[in-house]
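To start, the structure itself, in structure tokens.
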Amino acid sequence: MVIDIQNVSKAYGNVKALDGVSLQIKDLDRVAVLGESGSGKSTLLHILAGLQTADSGSITCDAKPLENKPYKRGIAMVFQDPALWNHMSVRANIGFGCPVQGRKNRQEYVRKLAAELGIEELLNRRPYEISGGQARRVAIARALACKRPLLLLDEAFSNLDEATKKITMDVVRKYSAGTAAVVLVTHDEREAESFCDTFYRMEKGHLT
Amino acid sequence: MKQFLKYHKKQIIGGVIYVLLFAAPVVTLLLEAGNPGLAIPNSRRWGLLRNTISLGVLTAIGCMLIGFYAAVGIFTGRLREKSLRWWFLLLLPVPQYIYALSWMELVRLLGQIWPSLLRMQIFGLLPCVIVEVMAYLPICTALALLGLERQDVRLAEAGLLCRKGDAVLYGICLPQMLPWLLSGAGCVFVLSATDFSIPSLFQYNVYAMELFSDFSAYGKAVNSFWLALPLIILILIVVMLSQNGLQQIFVPVRSHSQVRLHLSGLTKGICTAAIGLCVMQILIPVVTLTVGIGSWEQLTASAVLAGEELMISCGIGLMAALLTIFPAFAAAAILCSTGNRFLRMLFLFPLAMPGALIGVGWLELLNGSFLHGITGTLLFPALGCATRFMPFGTMILTGMLFRVDKKCLEAAEVLQSSKRKAFLAVKLPMFAPGILASGLLVFLLAIGDVGVTLMTAPPGKEPFSIKIYNYLHYGASEMVSGFCMVVVLVCLTVTVAMIGLLRMRKHGN
């Protein structure tokens, strides 16, 4: 699978968030997009996920245009805010998009994933009963459980202490290895270096 | 445009239905040959308009002042941060003419102790203002409290470092609350200006009553519209002026204030008095009606006697609530996505239409058309009530949609395995409180409505509100007290049931 982003531009009023961005994401790539706040990183991910539309440019997957509906694009995403559903338990949040067949199998998969991320004991709690760092790991587990071929991480490891960050990165590496390409958006260069193979820098809507 | 249509097709359909619901009866009225000259009031109607403005302005100012101090008292009291702080909303759904009755009943009861009180003639502007202030006080108090709780806490804290609590309250908190207070006052003015049930009980002539009497006397629907035009323009101006406040209500503010204001003895005293009025607003109807009924048997007798009318009213309320859900939700979604001022005015327009005029418009539209059969069913008053009360549902749903965490909806869009699952598991539970609250409000308003149902009630199917309204003109009696208590109990039961339902998922997004 090759995702090809060509000359994508997006403006909010007079402010250009993306200005002719081109980028290629190949199968199983781990790509980092670095940049300051407001440089357009999150906008790029939202356009890739189908949550926003570009003003111009094209995005193709294996030379075919991407589906319009976000859930048909084969993309999972960890948002900058965890965006957990408070009316569901942590278990239901993680299992929401999980394609594993059979309730028992799915629950076991969710439990195993949660155990690896150190949040197994939180499974029966509600998102408002857990801390910010725990919520972030739940959001990561929720995206990994979807088993999609492209994983978008929007500042996914921020708010985590160094030890937890390392464990979480290892889990993401393990679950995406051989199955998914990953795009990590971050302002932390060390984080990007320890996780990704390819690096881009975003400055005022331009990708370098 | 193509993109817009693609993403908002359902909203556009709902929005068109919304506009058709109130535009169709108005356009029908305008197609008839009438007398546009009636739009220019003669000296008598100027007087009526002046009466309407006086009543509306005094009621709005009274509610705003008392509501502000009551909210400050609650905010600085022991109940802050507890759900019980909303106690003053307990009787909000009770129709205003029941307040009128309870005050009449109070005078009657006190008259047994001081007979001179019974000889007093209670009519005119003052009793109307008192009753309307008490009836609408919960609206202003609730908005003032919301305004206090949602202000930027840092501004008040910065002020408290250099000035006393009173100076911070009037110099920093009050200006921040002003949009909320003004929108509350605007709402109260509109409700007061379009209602004629209380003024007619206290023999105070207002413009809304004129519309009803003119149609009853001459049966010329189009003239009712031309006659109503000055009132519609007046209300639209008020809605426009308070729009800024409404805009503030829609915008979510996340910083909940925890600031402690240490107020002076005088301000505390005024706040306590305002809270006392809020307590009276609940106690007077409950106590006077209970005493007025006299016995449990009388209450059950009233309920049995009015059983059929009560069922009719509930049926109308339920149908009106169901009819409004889709268009009100669509209108709210459009307002959330565009924030367009013209569209906001358009969707709030039915607020400016007196209930009687909406009823007359629908009557004119359906009479003689192939849909004439509807006029003989309960769907007819339900349609009228839905048209009249849709803006209230839209306001609640708009507030709800602004507060829903968009990221959670986006997460469902991306991570869902099927659209059905995302709708049932994420979207519906997130929207349910707003939809239920909006439906509840329309249901309760329709149950208590007199203006629309008076014109649209089918023959032989008298709603409960009309029955009470007719009885009220003969003065307070055990039977009327019983009827009113039944309405109070129905409103309370439905409200409590709905709150219970919402509390089951209290901590939802």
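The values are calculated or read from the model by the stated rules, or taken from the named source; none is laboratory data. Owing to the predicted nature of the structure, the values given are computational and were not obtained by experimental measurement. Don't worry about glycine lacking a Cβ; one is built from the backbone with ideal geometry, like all the others, and counts go over all protein chains shown. Side chains are part of the model used for accessible areas, which takes the heavy atoms of the whole protein and leaves out ligands, DNA and RNA. Shrake-Rupley method; radii C 1.70, N 1.55, O 1.52, S 1.80 Å.
Ranking A:Val171, B:Val107 by solvent-accessible area of protein heavy atoms (1.4 Å probe, all protein chains present), from largest to smallest, gives B:Val107, A:Val171. For the range A:164-207, trypsin sites (Lys or Arg not before Pro) meeting the loop criterion (DSSP other than H, G, I, E, B) and having at most 14 other Cβ atoms within 10 Å: A:Lys204. For the range A:4-111, the set of trypsin sites (Lys or Arg not before Pro) satisfying both a DSSP loop assignment and a count of at most 16 other C-beta atoms within 10 Å is given as A:Lys26. Counting every pair of alpha carbons in the range A:86-208, the share spaced more than 21 Å apart comes to 40 percent.
Per residue of chain B, the DSSP helices (runs of n ≥ 4 H) give a summed -39500 (n - 2.57) that works out to -24500 deg cm²/dmol at 222 nm.
For B:Arg80, the shell of other residues with beta-carbons less than 12 Å away shows a net charge of +2, using +1 for Lys and Arg and -1 for Asp and Glu. Normalised by the number of residues in chain A, the mean separation of alpha-carbon contacts (under 8 Å, six or more apart) gives a relative contact order of 32 percent.
Obtain the radius of gyration and the Kirkwood radius of the range B:10-52 from its C-alpha atoms and give Rg over Rh.
Details: Rg = 16.2 Å, Rh = 13.1 Å.
On the Cα set of the range B:10-52, Rg over Rh gives 1.24.
Stretching the chain fully between B:Asp166 and B:Leu489 yields a gain of 112.3 nm (0.36 nm per residue, less the alpha carbon separation). Over all other residues within a Cβ to Cβ distance under 11 Å of B:Glu32, the charged ones net out to 0, with Lys and Arg as +1 and Asp and Glu as -1.
Residues whose amide H falls under 5 Å from that of A:Met77, counting only those 5 or more places apart or on a different chain, are A:Leu152, with hydrogens built in the peptide plane.
Karplus-derived 3J(HN,Hα) values for the range B:383-388, using 6.51 cos²θ - 1.76 cosθ + 1.60 with θ = phi - 60°, are 4, x, 5, 4, 4, 5 Hz; glycine and proline are entered as x.
Within chain B, what's the longest run with no GluC sites (Glu not before Pro) in a DSSP loop and at most 13 other beta-carbon atoms within 10 Å? Give the range, please.
Working: sites that count: B:Glu32, B:Glu81.
The reported range is B:82-509.
In summary, the range B:33-119 shows an alpha-carbon radius of gyration equal to 1.69 times the 2.2 N^0.38 Å reference for compact globular proteins.
In the range B:258-298, the ratio of gyration radius to Kirkwood radius, Rg to Rh, stands at 1.33 when only Cα atoms are counted. Compute the Cα gyration tensor for the range B:354-509, then decide on rounded, prolate or oblate, letting a ≥ b ≥ c be the square roots of its eigenvalues: rounded whenever a/c is under 1.5, prolate when a/b is larger than b/c in the other cases, and oblate in all that remain. Note, shape of the range B:354-509 comes out oblate. Applying 0.36 nm per residue to the separation of B:Leu343 and B:Arg403 and subtracting their alpha-carbon distance, the gain on full extension is 19.6 nm.
Spin-label pair B:Ile12-B:Val304: with each label point 7 Å from Cα along the Cα-Cβ axis, the two points sit 5.9 nm from one another. Antiparallel beta bridges, as assigned by DSSP with both residues in the protein assembly as shown, represent about 45 percent of the total such bridges. These residues, B:Met311, B:Met120, A:Met169, B:Met498, go from largest to smallest accessible area, 1.4 Å probe, as B:Met311, B:Met120, B:Met498, A:Met169. Across the range B:324-371, how large is the tail of the calculated P(r) beyond 16 Å, expressed as a percent of all Cα pairs? Tail of the P(r) past 16 Å holds 56 percent of the pairs. Any idea what % of Cα-Cα pairs in the protein assembly as shown are farther than 39 Å? When every Cα pair of the protein assembly as shown is considered, 45 percent fall beyond 39 Å. Over chain A, the pair-distance histogram of Cα-Cα distances with 10 Å bins from zero comes to 9, 36, 36, 17, 3, 0 percent, rounded to whole numbers.
The stretch between B:Ile40 and B:Val287 holds 84.4 nm of extra length on full extension. This uses 0.36 nm per residue minus the Cα-Cα distance. Computed 3J(HN,Hα) for the range A:139-149, one whole-Hz value per residue from the Karplus formula 6.51 cos²θ - 1.76 cosθ + 1.60 where θ = phi - 60°, is 4, 5, 4, 4, 6, 5, 5, 6, 6, 9, x, glycine and proline marked x. Counting charges near A:Ala177 (Lys, Arg +1; Asp, Glu -1) among other residues having Cβ under 13 Å from its Cβ returns a value of 0. Its Cα gyration tensor gives chain B an equivalent ellipsoid, and the semi-axes of that ellipsoid, as √(5λ) in whole Å with the largest first, are 34, 32, 24. Residue by residue, the range B:423-435 carries 3J(HN,Hα) couplings of 5, 6, 8, 10, 5, 4, x, 6, 8, 3, x, x, 5 Hz when phi is fed to the Karplus relation 6.51 cos²θ - 1.76 cosθ + 1.60 (θ = phi - 60°); x denotes Gly or Pro. When the Cα gyration tensor is reduced to axis lengths a ≥ b ≥ c, the ratio a/c is 1.5 or higher for the range B:355-425, and with a/b above b/c it is classed as prolate. Residue ranking by accessible heavy-atom surface, 1.4 Å probe, largest first, among B:Arg420, B:Arg344, B:Arg260, B:Arg85 comes out as B:Arg420, B:Arg260, B:Arg85, B:Arg344. Amide H contacts under 5 Å for A:His206: A:Asp19, restricted to partners 5 or more places along the chain or on a different chain, H placed in the peptide plane at 1.01 Å from N.
Let me know the shape class of the range B:5-163, please: from the alpha-carbon gyration tensor, a ≥ b ≥ c as square roots of the eigenvalues, rounded when a/c is under 1.5, otherwise prolate if a/b is greater than b/c, or oblate. Judged from the Cα gyration tensor, the range B:5-163 comes out oblate (a/c at least 1.5, b/c at or above a/b).
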